[in-house]
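Report on one structure; see the data block that follows.
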Amino acid sequence: MRFLFPALVLLLLILLLAFAVFSENVIDPDAIAIRVSEASVMLKIVFFSGAVLFTAAGLPRQLVAFVCGYVFGLVPGVLISLCSAVLGCMLAFYLARKLLRNYIAERHARTVEVLDRLVRHDAFLKIIVLRIQPLGTNLLTNLCAGVSSIRPALFFPSTAIGYLPQMLVFALAGDGVRLADQSKILISAALMVLSFVLAYYLWLRHKKRAAS
């Protein structure tokens with residue numbers, strides 16, 4: 001049940017943005033597309049850097065995916081938002097590993113212990129299951145992973161795979177709003193609900209296996 005309310009909030013956000021385009025003409029996709037195509041390389045680098053810092057701070061990566069899907073289209077939007085989210089993860093991870101180890105270990109010792117225990121066996125798959133959850137303390141997970149014994153070569157690829165479904169869902173929604181394509185928005189909403197159900201099922205399965 002803890003997934004239900006946030007899922008409804010995210011779905012409502014997509015529907016409101018779609019309504020703004022279809023009914024009120026609040027957003028002008030053509031104007032945005034022109035601005036992006038005419039933007040300098042430096043401006044695009046600034047945009048990408050801002051997205052990295054946004055996700056590194058633990059703010060919703062789904063919002064980044066939506067904006068990237070809206071501005072750049074589906075495939076570039078997925079790739080740009082996914083790269084920014086993974087780089088944001090890496091930034092928080094190494095910040096914890098190099099500078100904040102003692103601080104985090106003292107204040108979040110229980111979380112670090114749980115994460116260490118989680119990745120002792122089948123770590124790659126378990127991190128994917130953890131990352132596919134659309135909600136949760138993303139920043140805390142990154143920081144605690146930096147303090148834990150997990151290897152970066154395992155953590156980052158599994159994180160990218162776990163992030164991918166949500167980035168695809170929200171980039172598709174953004175692309176649908178940009179093109180005023182109702183079918184893409186409906187598909188995105190259906191995939192979002194499906195991703196919540198899948199995440200909840202995987203969480204229950206992992207909890208059941210941990211209890212046995």
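The values are calculated or read from the model by the stated rules, or taken from the named source; none is laboratory data. Quick caveat, the model's predicted, so the values are computed rather than measured. Every residue, glycine as well, gets a Cβ built from its backbone with ideal geometry; the counts of neighbours run over all protein chains shown.
Mind listing whichever residues of segment 128-173 are among the small types (Gly, Ala, Ser) and farther than 14 Å from Leu82 by Cα?
Gly136, Ala145, Gly146, Ser148, Ser149, Ala153, Ala173
Out of segment 149-175, which residues are surrounded by fewer than 23 Cβ atoms within 10 Å (Cβ to Cβ) and of a type in the set (Ser, Thr, Tyr)?
Hits for segment 149-175 are Ser149, Ser158.
Only one residue in Ser40, Ser49 is modelled with pLDDT under 85, over 18 Å from Gln166 (Cα atoms) and surrounded by fewer than 19 Cβ atoms within 10 Å (Cβ to Cβ), so which one is that?
Ser40
For segment 72-110, what are the residues that are among the hydroxyl-bearing types (Ser, Thr, Tyr) and buried (at least 18 other Cβ atoms within 10 Å of the Cβ)?
Scanning segment 72-110 gives Ser81, Ser84.
Let's see how each residue does on (1) assigned to a helix (DSSP H, G or I); (2) modelled with pLDDT of 85 or more; (3) touching a helix residue (DSSP H, G or I) at 6+ places or on another chain (Cβ under 8 Å); (4) within 17 Å of Leu59 (Cβ to Cβ):
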residue	(1), (2), (3), (4)
Cys89	yes, yes, yes, yes
Glu106	yes, no, no, no
Thr111	yes, no, yes, no
Asp116	yes, no, no, no
Cys144	yes, no, yes, no
Ser149	no, no, yes, no
Ile161	yes, yes, yes, no
Gly174	yes, no, yes, yes
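Would you pick out the residues in segment 55-70 that are surrounded by 16 or more Cβ atoms within 10 Å (Cβ to Cβ) and closer than 16 Å to Leu143 by Cβ?
Once the filter is applied, which keeps residues that are surrounded by 16 or more Cβ atoms within 10 Å (Cβ to Cβ) and closer than 16 Å to Leu143 by Cβ, segment 55-70 yields Thr55, Ala56, Gly58, Arg61.
If you take the residues in segment 111-148 that are small (Gly, Ala, Ser) and over 19 Å from Leu53 (Cα atoms), which one is surrounded by the fewest Cβ atoms within 10 Å (Cβ to Cβ)?
Here the residue is Ala123.
Quick one: Asn138 ticks every box in (1) in contact with a His (Cβ under 9 Å, 6 or more places away or on another chain); (2) under 19 Å from Arg61 (Cα atoms) except a single one, so which number is it?
Going through (1) in contact with a His (Cβ under 9 Å, 6 or more places away or on another chain); (2) under 19 Å from Arg61 (Cα atoms) one by one, Asn138 breaks only (1).
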